[in-house]
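The values are calculated or read from the model by the stated rules, or taken from the named source; none is laboratory data. Source: prediction; values computed, not measured. When we count neighbours, we look across all protein chains shown, and the Cβ atoms used for this are built from the backbone with ideal geometry, even at glycine. For the accessible areas, the whole protein counts, side chains as well, though only heavy atoms, and no ligand, DNA or RNA atoms are used. Shrake-Rupley method; radii C 1.70, N 1.55, O 1.52, S 1.80 Å.
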2 protein chains.
Amino acid sequence: MTVSPRLPTSIATVCLSGTLPDKLEAASSAGFEGIEIFENDLLTFDGTPGDVRRMCEDLDLAVTIFQPFRDFEAMPEPQRARNLDRAERKFDTMQALGTDLILVCSSVHPAALPEPERAAADFHEMADRASRRGLRVCYEALAWGRHVSRWRQAWDVVRRADHPALGLCLDSFHTLALGDDLGGIAADVPPEKLFFLQLADAPMLSMDALSWSRHHRLFPGQGELPVAPFLAELLAAGYAGPLSLEIFNDEFRAAPSRRIARDGLRSLVWLEEQVGRAPLPAIPALSGIEFVEFAVDAEAAGALGHFVSTLGFRRVGRHRSKEVELWRNGDANLVLNSEADSAAAEHFIQHGPSVCALAFRVDDPARLVARAEALHYSIWSERIGAGESSIPGIRAPDGTLIYLIQETAARPNWENDFHLEAEGQDGGMLGIDHVAQAVPPGMVDSYVLFFRALFGLTPDSPWDLPDPYGLVRSRAFIGGEGCLRLPLNVSESGRTGTGRFVSATAGAGVHHIAFLVRDAAKAVDAAAARAAPLLDIPANYYEDLGARFGLAEDELAMLSRRHLLYDRDASGGVYRHVYTASYRDRFFLEMVERSGGYAGFGAANASIRMAAQRRRDSGADFGGAESS
Amino acid sequence: MTVSPRLPTSIATVCLSGTLPDKLEAASSAGFEGIEIFENDLLTFDGTPGDVRRMCEDLDLAVTIFQPFRDFEAMPEPQRARNLDRAERKFDTMQALGTDLILVCSSVHPAALPEPERAAADFHEMADRASRRGLRVCYEALAWGRHVSRWRQAWDVVRRADHPALGLCLDSFHTLALGDDLGGIAADVPPEKLFFLQLADAPMLSMDALSWSRHHRLFPGQGELPVAPFLAELLAAGYAGPLSLEIFNDEFRAAPSRRIARDGLRSLVWLEEQVGRAPLPAIPALSGIEFVEFAVDAEAAGALGHFVSTLGFRRVGRHRSKEVELWRNGDANLVLNSEADSAAAEHFIQHGPSVCALAFRVDDPARLVARAEALHYSIWSERIGAGESSIPGIRAPDGTLIYLIQETAARPNWENDFHLEAEGQDGGMLGIDHVAQAVPPGMVDSYVLFFRALFGLTPDSPWDLPDPYGLVRSRAFIGGEGCLRLPLNVSESGRTGTGRFVSATAGAGVHHIAFLVRDAAKAVDAAAARAAPLLDIPANYYEDLGARFGLAEDELAMLSRRHLLYDRDASGGVYRHVYTASYRDRFFLEMVERSGGYAGFGAANASIRMAAQRRRDSGADFGGAESS
């Protein structure tokens, strides 16, 4: 396969927060080669366009395009003449900025004339004036343009105008949001007329294109639009200019510019892989979560050990050279790390006792590390003692580590770093079923890219979970043919369990670990015998459950006696699960039994769980006469 | 005019945050007479339905309706039989809860049959079973129902079923969201078939009805749907049941339940006025802002006095009995209140130096007080000295006071409470042009109701203002034929100027006061001579201004030299305005000149102002070579 050279990357200043110098600095340090100057960022800047050019030169950023006005074409006089005068003044600015390309979007002006030949004549005149200064003009169809909303209409105007200094700008959002595509572009448009390309993804939302575009755009790979096929079509038509990101997103505007810029560059690296332009090391096969590691101090290690022991975990090993304990129940492993001067210690200082790492089982850790590096994620290797195994780790967006463990039929290498003291009693645990993370609203899309571009996880459909104090939005990312399940929860409200967790732990990430068991009823009985702090579920829940699923009385009694929650999917798959109260308001545990191919997470029961947790945390159990 | 008795008020538990007991308590203390039990609130509750009934009895709340299931009608067997069994179990619950009415929404089940006669037969059977227990059933068309989405279709089913225990539930959202109305209901539906009414408003959004309904409903008067004509039509058709609010709103779910419940009751009081059912004291004429009052201590009074003196304000009086100063410039008045044991002192303790009151000029303060009382807003009267004037105040949602000053041609009464020391020099100020408030996201709708229902202000179209660190949404409320202008700003991001203000002041409200001047250029020159901390505006802004409006070079130079911002509307109205830097990051001032009927706020310039403020606050002026 012939690999074509990478196309230059570019990003619009409107994607990033801060002042213009902040934005340029963030784009450059993320590795972008070009920048689109959005006019508002120039107008609010207290230096000259020449200052901007010099800053860009210092940062090795090309000014790929300037987008200084709207509503240019097909206006009646005297606006037409005034618009051409205005263009001349903008050409001055472009020359001072050091860019040769101006972007003009299709007019939304109510007075614009519905005459392609008039628009063409205006653009011919503009392009002619531009070319006298060595500048070029490109025309883009806005999805809500008054007379031109599709790229074929914009092309019709450009074709009629017939000027070498005039070409097309394509924008994936404006085309894909209308359900349109680039079909036929290679046949109809000569490559030299494809001046510029703006790339944006978006979630599928049923709202007007204008609001959708202005508030909800995302980087490619973060949304649901077919951006890769769009790019492939354009490349096949001979496009050879920059790949430029133009994202209007309320959260990006408010987020730290460096994180957003890095995500932007990653999205382009990923996109070039998707179109076969610049392959990355392929995603290895994932086969589950080998262990979850907690950052603790000695006190928290004791308390946490006691907490998990009520679910049947036993300490089975101590690390050969570090203050690290291994706890185990069947095939579920927990690591309690209180070693000073480690990544865990750093995590503990920032977040208190919390999960600092997840270990994924992978068939080729080295290849995944190479992929992470290509996507500019940072790699971490813990300091190790002589003869101990080195486990590579990748930093997740919140700083948590993802360790990569070589999948093996035999006893895995990392266990050799421990003095194994005891075998875990078999509490029936089959492994770690899923690990849910709570993230602040502005972090979700960084995670989406991390999970999807790096690990190839696929997003499940989203759920709204009604906490008593606000909605929690939840979306699970699934990999390894279902053996890796990572729900991501986010809440705008600081009063929900999710919101409280995020502020209490400074965004520690993991707030819920679910263990897979063979028999939930048995597991509950064993846990109850160990005085595990299981959540009480109200009788009303079981009343309704009986009515909803037509369960037999004895099954209902079995569930209700054990405070087991129950769900059943359309094809008869069943989920039985039980929750613990939260450990110091920081995280909680779950035991789940799946049968019949049930693939969800019992989302229908989430509000029951959240209300029960809140009641337990606040000690506000209702003491009604009939309820005892 | 015959005034009919008020209809009983009711609210659905889903409108409010917290546990079921919290919700009942909030609804009762707001003054509701009835409650709709949303099933999820019962399922998550750890007492029995009988406990709920007793709590409601203790709180004088009738359980108006229970809404325990969906997808009932027109299902093939065996689901049909199972659904009827399920209904029996829900009837048990209803009887325990003490309600006789069950709500069933039109089915969204993919397997539901498209046969109105089947649906009618199922409902006949259900109603028959219900009536044997003295219960009733009502059927509601969901806007996204599979086969029944309009009330006329639901009525068709109810009519065919022809059972006295079966009737209709109407919902303003489901009808109005589809652009439908109740036209013909009086002719077609006998009053005894109108069992129940759910009321909800919403903003006009172009999105699918399901998302719109689940996340964006509002109380009547907070949105844009024609809820009052809807209710009028239903009353004309003979509806005599409760007015029940059913609002799904993400912010309400997260807000304190008592505030939301109070707003809900207010919305019904207002709605009954709108339909002429229970008139309120009419809204008096408003004619502007008489003064703005700051809560300060002695130190802040000195610093703030100095700050406003740079805009030409002078201290013209001291209060006869309190630590209160009056500052004046022309017709603009500022009051600096450092009196201990006052509303201002309380405000100062909570928010630091900030605006604690606005005084509106009103032609009938007593009538407005009576209206406020009828709408359950609280009234405040400051402790006064002998012979001093008593000014009634109304508490705004954030605790700020709105004083009501009798409009008069002569010198107003309140001035007599001051020893007037000097007349204000005429700095050309014509008065207070507008006062902008910054509120946290969850507070906006409380303000909308306060402004609209109590003062009759009308909302202007909303604006998105791009702060360098996130979007600020702004919407102005206008009254007194334009002489009262109150923009309301809100930002999801804590990093914007608005967000920072809200956290720094604990939501003090007012963060920007604009004074109307005759001649902005003169006002700037005078302020500059007094070393007022006016904001620097970048040269790039004036470059673009010239290109955009085709301004003459000398006008441009005039503006640019003075850092005056400029806007022009479609009909040639012009706005010239200038901003100060912020006072201790807490608020800032503006001087504005309006001509030719300009009615806006220069929103197009907001991003320029916000970037300049941020630059000034951070001391990060760009020191480029050409920029000095």
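Worth pointing out:
- Among the candidates B:619, B:573, B:546, B:596, residue that is farther than 27 Å from residue B:491 by Cβ, small (Gly, Ala, Ser) and at pLDDT below 95: B:546
- Looking at A:604, A:514, just one residue is in contact with an Asp or Glu (Cβ under 6 Å, 6 or more places away or on another chain), away from chain B (no Cβ under 14 Å) and in contact (Cβ under 8 Å) with a residue 12 or more places away in the chain, and that residue is A:514.
- Counting only residues that are in a loop (DSSP other than H, G, I, E, B) and crowded, with 19+ Cβ neighbours inside 10 Å, the range B:164-183 holds 3 of them.
- Scanning the range A:260-281 for residues that are open to solvent by less than 40 Å² (accessible area, probe 1.4 Å), in contact with a helix residue (DSSP H, G or I) (Cβ under 7 Å, 6 or more places away or on another chain) and in a helix (DSSP H, G or I) yields A:260, A:261, A:263, A:264, A:265, A:266, A:267, A:269, A:270, A:271.
- Scanning the range B:450-479 for residues that are surrounded by fewer than 20 Cβ atoms within 10 Å (Cβ to Cβ) and more than 10 Å from chain A (Cβ to nearest Cβ) gives B:452, B:456, B:458, B:459, B:460, B:461, B:462, B:463, B:475, B:478.
- Annotation: residue B:590 fulfils all but one of (1) open to solvent by 10 Å² or more (accessible area, probe 1.4 Å); (2) out of contact with any Leu (no Cβ under 8 Å at 6 or more places or on another chain); (3) modelled with pLDDT of 90 or more; the unmet one is (1).
- From the list B:225, B:205, B:234, the lone residue that is of a type in the set (A, V, I, L, M) and open to solvent by 30 Å² or more (accessible area, probe 1.4 Å) is B:205.
- Only strands (runs of 3 or more DSSP E) whose full extent lies in the range A:378-465 are considered here, and the ones with at least 2 residues that are out of contact with any helix residue (DSSP H, G or I) (no Cβ under 9 Å at 6 or more places or on another chain) and in contact (Cβ under 8 Å) with a residue 12 or more places away in the chain are A:418-420, A:429-438.
- Look at (1) open to solvent by less than 60 Å² (accessible area, probe 1.4 Å); (2) in a helix (DSSP H, G or I); (3) over 16 Å from residue B:69 (Cα atoms) and you find that residue B:134 fails only one, number (2).
- Any hit, the range A:556-572, residues being in contact with a Leu (Cβ under 7 Å, 6 or more places away or on another chain), open to solvent by less than 70 Å² (accessible area, probe 1.4 Å), more than 16 Å from residue A:609 (Cα to Cα) and within 11 Å of another protein chain (Cβ to nearest Cβ): no
- Unique match (being at pLDDT below 95 and away from chain B (no Cβ under 14 Å)) among A:276, A:221: A:276
- Scan of the range A:522-555 for residues that are surrounded by 21 or more Cβ atoms within 10 Å (Cβ to Cβ), more than 21 Å from residue B:87 (Cα to Cα) and either facing chain B (nearest Cβ under 9 Å) or of a type in the set (Lys, Arg) (or both), ordered by number: A:537
- Flag for residue B:503 being open to solvent by less than 50 Å² (accessible area, probe 1.4 Å), within 14 Å of another protein chain (Cβ to nearest Cβ), of a type in the set (S, T, N, Q) and over 21 Å from residue B:598 (Cα atoms): no
- In summary, helices (runs of 4 or more DSSP H) completely within the range A:1-120 and bearing 2 or more residues that are of a type in the set (S, T, N, Q) and open to solvent by 40 Å² or more (accessible area, probe 1.4 Å) occur at A:79-97.
- Residue B:212 meets the conditions (1) at pLDDT below 95; (2) open to solvent by less than 10 Å² (accessible area, probe 1.4 Å) in every case but one. The failed one is (2).
- Of all residue pairs spaced 6 or more apart or on separate chains, none has beta-carbon atoms under 7 Å together with a first member in the range B:308-332 that is farther than 29 Å from residue B:577 by Cα and not assigned by TED's automatic domain parsing to the domain that holds residue B:420 and a second member that is β-branched (Val, Ile, Thr) and open to solvent by less than 10 Å² (accessible area, probe 1.4 Å).
- No other residue among B:288, B:305, B:330 is surrounded by fewer than 24 Cβ atoms within 10 Å (Cβ to Cβ), in contact with a Cys (Cβ under 7 Å, 6 or more places away or on another chain), within 27 Å of residue B:389 (Cα to Cα) and not hydroxyl-bearing (Ser, Thr, Tyr) apart from B:288.
- Yes/no for residue A:347 being open to solvent by 10 Å² or more (accessible area, probe 1.4 Å), part of a helix (DSSP H, G or I) and closer than 24 Å to residue A:394 by Cβ: yes
- Lone unmet requirement of (1) open to solvent by 40 Å² or more (accessible area, probe 1.4 Å); (2) in contact with a Ser or Thr (Cβ under 8 Å, 6 or more places away or on another chain); (3) under 29 Å from residue A:359 (Cα atoms) for residue A:495: (3)
- The set of residues in the range B:237-258 being open to solvent by 20 Å² or more (accessible area, probe 1.4 Å) and under 25 Å from residue B:275 (Cα atoms) consists of B:238, B:240, B:242, B:248.
- Sole exception among (1) more than 8 Å from chain B (Cβ to nearest Cβ); (2) modelled with pLDDT of 95 or more; (3) in contact with a Phe, Trp or Tyr (Cβ under 8 Å, 6 or more places away or on another chain) for residue A:75, by number: (3)
- Per-region count, the range A:149-163, residues part of a loop (DSSP other than H, G, I, E, B) and open to solvent by less than 20 Å² (accessible area, probe 1.4 Å): 1
- If you check A:75, A:94 for being out of contact with any Ser or Thr (no Cβ under 9 Å at 6 or more places or on another chain) and touching a residue at least 24 places away in the same chain (Cβ under 8 Å), only one passes: A:94.
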